[in-house]
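Structure first, then comments.
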Amino acid sequence: MSDRTHDSRTANRRTFSTDTRAIEGLPVRLVIALVVGVASLSVMMGMIGDIDGLAATELDAQPQPEVTTPGEQSIDVAVVDPDGSRVADATVIVRGGSARIDGVVTAETNGEGIATVDVDPELGPNQADGTLTIDVKPPAEGDYVDERGNTEVLVVEE
């Protein structure tokens with residue numbers, strides 16, 4: 001290589017490295033592209049969320065009775081979708097909240113969407129009330145979920 005070619009490259013590098021105008025508009029363009037991309041993505045996600053085939057249906061548990069006393073008893077839990085229709089083959093899970101039960105009690109909903117759980121809730125000393133929590137494991141068929149909290153059973157001292 002000739003010295004002349006080498007000097008020309010070195011001069012170009014120095015010029016480019018000291019030229020601050022080369023990146024002047026780049027950050028603004030990147031921010032605009034990012035904002036447009038995020039806006040487009042949110043519109044597309046909104047469109048996908050509106051398609052009924054992809055949306056999951058939230059289930060809710062409706063215990064009867066909702067208020068009970070300590071002691072051995074049965075509680076009927078209806079599992080319903082947002083329209084109020086009962087759902088069969090869902091698993092109802094009852095755990096002690098601030099009221100105590102031995103372990104975890106489970107039952108599966110029948111064809112009418114009702115599960116019967118046998119519980120023996122207890123309250124601690126000087127405890128006037130407590131709760132039993134209910135979770136639902138949706139059936140395998142169907143697009144059901146149970147992500148929100150369900151109605152709790154209130155246990156009150158007689």
Seminar exercise, completed: Residue pairs qualifying under the 9 Å Cβ cut-off, at least six apart or on distinct chains, with the first in the range 80-107 being free of Cβ contacts under 8 Å to residues at least 60 places away in the same chain and the second being of a type in the set (D, E, K, R) and open to solvent by less than 40 Å² (accessible area, probe 1.4 Å), are P82/E58; V87/D81; A90/D146
For this session: Inspect the range 94-106 for any residue being within 21 Å of the chain's Cα centre (by Cα) and surrounded by 19 or more Cβ atoms within 10 Å (Cβ to Cβ) and give the result as yes or no.
Result: yes
For this session: Quick one: E158 ticks every box in (1) part of a loop (DSSP other than H, G, I, E, B); (2) farther than 19 Å from G71 by Cα; (3) of a type in the set (D, E) except a single one, so which number is it?
Result: (2)
Exercise. Before we move on, is V153 crowded, with 18+ Cβ neighbours inside 10 Å and modelled with pLDDT of 90 or more?
Worked result: no
Seminar exercise, completed: Of the listed residues (G103, G71), the one being touching an Asp or Glu at 6+ places or on another chain (Cβ under 7 Å) and at pLDDT below 90 is G71
Seminar exercise, completed: Selection over the range 116-140 where residues are exposed (fewer than 13 other Cβ atoms within 10 Å of the Cβ) and under 19 Å from the mean Cα position of the chain (by Cα) yields a count of 1
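The values are calculated or read from the model by the stated rules, or taken from the named source; none is laboratory data. This structure is a prediction, so every number in the text was calculated from the model and none was measured. Every residue, glycine among them, receives a Cβ derived from its backbone with ideal geometry; neighbour counts consider all protein chains shown. Protein only, heavy atoms only, side chains kept; ligands, DNA and RNA dropped before computing areas. Shrake-Rupley method; radii C 1.70, N 1.55, O 1.52, S 1.80 Å.
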